[in-house]
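The values are calculated or read from the model by the stated rules, or taken from the named source; none is laboratory data. Quick caveat: nothing in here was measured; it's all calculated off a predicted structure. No Cβ is skipped: glycine too gets one built from the backbone with ideal geometry, and neighbour counts run over all protein chains shown.
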Amino acid sequence: MIKKLPLLFLLGTANHAIAQLGATSLNGPGIGISTDYLPASHYIRPEDSVKTASTTSQRRYNFGAAFQLASTIDTATGKMRAWSLGIGGSYTTLDNKDYTKTIFPKELLETTIALKYMRSMRNRWSMVAVAAASLGTDLEEITSDDFFLQGGIIFIKQHNRHFSYGLGGMLTNAFGTPMILPALFCRWQTDSKYSIDINFPEKASVSTKLNKYTDLALAIRMRGASYDVTHSPNDKRLMGYSEITAGLENTWHLGKHADFILAGGSLLTSAVTFSDKKLSDIFSEKPRHRLGTNYYLSAGLRWNFMPRK
């Protein structure tokens, strides 16, 4: 699954059409900003898995916003229709030291805008349609290759108030020729004092309300992204980034709308692959340029447009 992580996040576009904000992720209409610090980790060569003296550290700045454009409910049938807009992005600086050749870019920019339509159907089914455009670049040169388009439909079954799952298809040009890929979604969530939230492909967490002002969670999170880069070890331009973290997330409720979030823990894996933008490369084995395990820190602010109950 780690090797396919950027693909999994592409498949999850229908449900997560805004920036990947980690612990500061939005739960509804609102605005979130966060910053992540990943300290210097040793580079691990793909050919022999040797940990080298070369190191890379990252500083990442994230922004996301979600807006509800329109919402209607048929009073006779109870069916709901809603339009929403998500925008977001992240800017990453990478400090690469003691490399004999270029492996990782010096900086990365990812931005996304997505329009989502949702309507309820019979027997607890709903349909979600999304159209999204994103920019993934190393900022050395920006061409049409740096833009990625996605669109598709996913059908979600709300089995009960705790469990939902979905299946559909997404159209993307991330691999050059436009192609259709399966879209998967699964969520199981409890709502007691101790809450479990498994939300594929984003996270798995266990949280508790310490008091009315603060929550504490233990979470495993996955992050992925695709970029068009100018330089790479094998002259291939499509860079896939994958990351898995595990740590504690503390949320302080600053009134009915605002939250402050502080998170930290272990960076379990951080890896980059390079490939060509062609269909034959989509499921082929690619050398994984890894960084050693380390700690991470994250802090963020979230403003919820709807007041907390």
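Selection of segment 174-185 for residues being surrounded by 15 or more Cβ atoms within 10 Å (Cβ to Cβ) and either in a strand (DSSP E or B) or at pLDDT 80 or above (or both) yields Leu181, Ala183, Leu184, Phe185.
Return yes or no: is Leu248 under 27 Å from Ile44 (Cβ atoms), out of contact with any His (no Cβ under 9 Å at 6 or more places or on another chain) and surrounded by 17 or more Cβ atoms within 10 Å (Cβ to Cβ)? So Leu248 does not fit the description; no.
Of the strands (runs of 3 or more DSSP E) that lie entirely inside segment 24-115, those containing 3 or more residues that are free of Cβ contacts under 8 Å to residues at least 60 places away in the same chain and out of contact with any Ser or Thr (no Cβ under 8 Å at 6 or more places or on another chain) span 51-73, 80-97. Inclusion of Ser242 among residues that are touching a Gly at 6+ places or on another chain (Cβ under 8 Å) and surrounded by fewer than 19 Cβ atoms within 10 Å (Cβ to Cβ) is not warranted.
The rows are residues; the columns are (1) within 28 Å of Leu109 (Cβ to Cβ); (2) touching a residue at least 24 places away in the same chain (Cβ under 8 Å); (3) surrounded by 14 or more Cβ atoms within 10 Å (Cβ to Cβ).
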residue	(1), (2), (3)
Asp146	yes, yes, yes
Phe155	no, yes, yes
Met170	yes, yes, yes
Asp197	no, no, yes
Leu210	no, no, no
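The conditions of being of a type in the set (Gly, Ala, Ser), at pLDDT below 95 and surrounded by fewer than 16 Cβ atoms within 10 Å (Cβ to Cβ) are met by Ala70.
Hey, among Thr273, Thr230, Thr251, which residue is under 28 Å from Thr100 (Cβ atoms), part of a strand (DSSP E or B), in contact (Cβ under 8 Å) with a residue 12 or more places away in the chain and of a type in the set (S, T, N, Q)?
On the way: Thr230 fails: part of a strand (DSSP E or B); Thr251 fails: under 28 Å from Thr100 (Cβ atoms).
Only one candidate passes the filter, namely Thr273.
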